[in-house]
Amino acid sequence: MTDAPPAPPAPESPAHDDGGSPQRPGPANPAYWAGPAGSDTSATPSPRDTAYYSWRLPRRQGAYLTGTAGPNRLTGLDAARGLALIGMMAAHAAFTTCGLTTLPGLLNQSHGRSSILFATIAGFSLGLMSGGRNPHRGERLVRTRLRLMVRSAMLLVLAAVMSWLGTPVAIILGFYAAWLVLGIPFLRVRPSRLFLLAGACALTGGVVSVGLPALAQELGLTLHPPMGDGNNAVTDFFVTGTYPGVVWMAFIFLGLGLSRLDWSRGANLRRLAGAGLLCAVIGYGSGWALSQVVNPEFPETFHLVSPADPAECFSASELSSSLVVNDPGSSLPAGSNSWKDAVPDGPEGSGIPEPGTADSSVLSKGALSTEPTISLPELRYLATTEPHSGSPFEVIGSAGVAMVVIAVAQLVARRARYLLAPLAAAGSMSLTVYCGHLVVFWMLRSTSLAYGESNLLWASMAAGACAFAMAWFAVFARGPLEHLVHVVSVRATRARG
């Protein structure tokens with residue numbers, strides 16, 4: 001007697017798209033889903049279906065801003081990502097000053113926090129692409145890992161193209177690609193262990209990033225080889241770069257862990273907001289208190305009222321951060337009319353101060369200097385919450401802010417998703433918007449970007465990005481660069497018979 005043929009597999013939960021939200025690559029058809037969640041069977045769409053691999057942009061179907069995801073898309077997460085993009089534009093293009101009573105003072109809060117929110121959501125998206133609450137396994141996990149590798153290579157290419165524009169912005173895409181690769185081995189790690197890894201990176205990453213170059217120098221080694229042959233790429237991505245992985249993987253692990261939890265319940269989102277608020281208070285409060293004791297000559301100061309003269313906002317340490325290339329054009333010293341004036345000129349008009357000059361001494365780690373300037377005894381300068389300092393206090397505090405933003409955005413989206421439509425649209429095509437704002441900088445390179453007390457450039461860029469994204473998603477379901485990365489990655493990992 002012959003065995004009965006096996007029953008067809010049950011449809012599984014949707015896969016996940018570039019934006020980090022649930023995705024259905026085609027109509028609700030069991031042929032699209034090869035097996036139940038967690039099975040060893042590949043979940044690749046049927047070879048007969050060409051839409052999933054097509055270069056043609058998918059048209060919008062269903063409700064607005066659902067993309068290729070359908071009704072399960074996390075609109076709040078898209079809106080939080082959009083807010084991070086607008087914040088990074090503010091860090092790059094806005095005039096900011098201290099205090100919380102004016103627009104420049106509020107925009108000043110974008111420094112550091114926006115890129116950290118973006119990185120946390122990147123970790124969240126990494127988790128959603130690999131199965132969300134039901135991490136992929138077996139052949140499907142292998143395919144997901146290959147796809148992530150291809151996506152990382154694509155991001156490196158885009159980062160190189162953006163760097164050719166010569167804009168005064170520390171481009172995050174190449175670092176993002178390195179974080180994706182480093183996160184691949186952790187796709188099936190439990191959330192509790194991911195949170196422990198995030199905590200370990202938060203507490204030790206800054207020490208490693210500051211101490212390792214100094215230790216290497218003491219041993220007669222260098223992490224900054226004189227030959228620009230690219231062999232120091234790993235140390236640049238993970239230790240000495242503007243966004244060192246030993247610090248920033250804390251946000252990837254945090255987001256990856258959050259993606260494995262159940263956020264369908266409002267109570268869980270409120271708990272997330274409470275936990276984030278607690279982290280923010282502990283991180284910023286501890287950093288402020290410790291700076292009063294450890295660095296009495298440059299204590300941390302929170303300006304609640306903006307003075308009439310923006311120059312009053314600057315201490316020596318704040319002036320140093322205003323020269324860091326992470327945030328060109330922001331927090332400009334008094335009398336500076338553009339980001340071009342913020343960095344003193346060095347040899348041959350490179351914009352890099354000559355070593356040993358007074359201007360070069362104020363450049364902090366991660367700035368334009370190419371040699372380590374911090375020795376082991378000066379680890380006390382990690383007693384700060386200064387943006388991009390990589391200190392444990394900044395990491396914990398800003399990660400808490402990211403958790404609050406994600407939770408609040410998702411709570412609002414549960415009741416009034418269209419209220420967040422401008423931010424959600426921009427966040428749904430974050431790669432396109434990010435690269436687009438760099439192109440705008442490049443187009444304006446020959447103009448005088450007069451900031452003064454006006455934020456017209458930032459407001460125009462932010463409004464234009466949101467308007468373009470909203471108009472685009474009225475017709476299409478995926479952003480142009482997002483679609484390019486999607487098609488290349490799925491075609492590269494498609495099994496051939």
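The values are calculated or read from the model by the stated rules, or taken from the named source; none is laboratory data. Just so we're clear, the structure is a prediction, and the values are computed from it rather than from any experiment. Here the Cβ positions follow ideal geometry from the backbone for every residue, glycine too, while neighbour counts run over all protein chains shown. These area figures cover heavy atoms from the full protein model, side chains too; ligands, DNA and RNA do not enter into them. Shrake-Rupley method; radii C 1.70, N 1.55, O 1.52, S 1.80 Å.
Structure data summary
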quantity	calculated
Test: residue in region 285-301 that is part of a helix (DSSP H, G or I), open to solvent by less than 60 Å² (accessible area, probe 1.4 Å) and under 27 Å from residue 193 (Cβ atoms)	yes
Whichever residue in region 52-91 is among the basic types (Lys, Arg) and either in contact with a strand residue (DSSP E or B) (Cβ under 9 Å, 6 or more places away or on another chain) or open to solvent by 40 Å² or more (accessible area, probe 1.4 Å) (or both) and, among such residues, is nearest to residue 427 (Cα to Cα)	73
Among residues of region 122-147, those that are open to solvent by 30 Å² or more (accessible area, probe 1.4 Å) and touching a residue at least 24 places away in the same chain (Cβ under 8 Å), counted	10
Residue count for region 115-164, restricted to those that are part of a loop (DSSP other than H, G, I, E, B) and at positive phi	2
Residue 106 vs. criteria under 20 Å from residue 283 (Cα atoms) and in a helix (DSSP H, G or I)	yes
Test: residue in region 199-212 that is within 24 Å of residue 147 (Cα to Cα) and in a helix (DSSP H, G or I)	no
Every pair of residues 6+ apart whose Cβ atoms lie under 7 Å, when the first sits in region 102-120 and is touching a residue at least 24 places away in the same chain (Cβ under 8 Å) while the second is among the polar types (S, T, N, Q) and part of a helix (DSSP H, G or I)	112/398; 113/398; 116/398
Qualifying residue in region 213-230 (condition: part of a helix (DSSP H, G or I), under 15 Å from residue 250 (Cβ atoms) and open to solvent by 40 Å² or more (accessible area, probe 1.4 Å))	no
Identity of the residue in region 148-185, β-branched (Val, Ile, Thr) and under 28 Å from residue 90 (Cβ atoms), that ends up surrounded by the most Cβ atoms within 10 Å (Cβ to Cβ)	169
Residues satisfying the stated conditions in region 165-191, i.e. over 20 Å from residue 247 (Cβ atoms) and not in a helix (DSSP H, G or I)	165, 166, 167, 168, 187, 188, 190
Residue check, residue 459 touching a residue at least 60 places away in the same chain (Cβ under 8 Å) and open to solvent by less than 50 Å² (accessible area, probe 1.4 Å)	no
Top-ranked residue of region 233-284 - restricted to ones that are hydroxyl-bearing (Ser, Thr, Tyr) and within 15 Å of the chain's Cα centre (by Cα), ranked as most open to solvent (accessible area, probe 1.4 Å)	242
Selected residue [more than 27 Å from the chain's Cα centre (by Cα), modelled with pLDDT under 50 and on the phi > 0 side of the Ramachandran plot] from 26, 38, 62	38
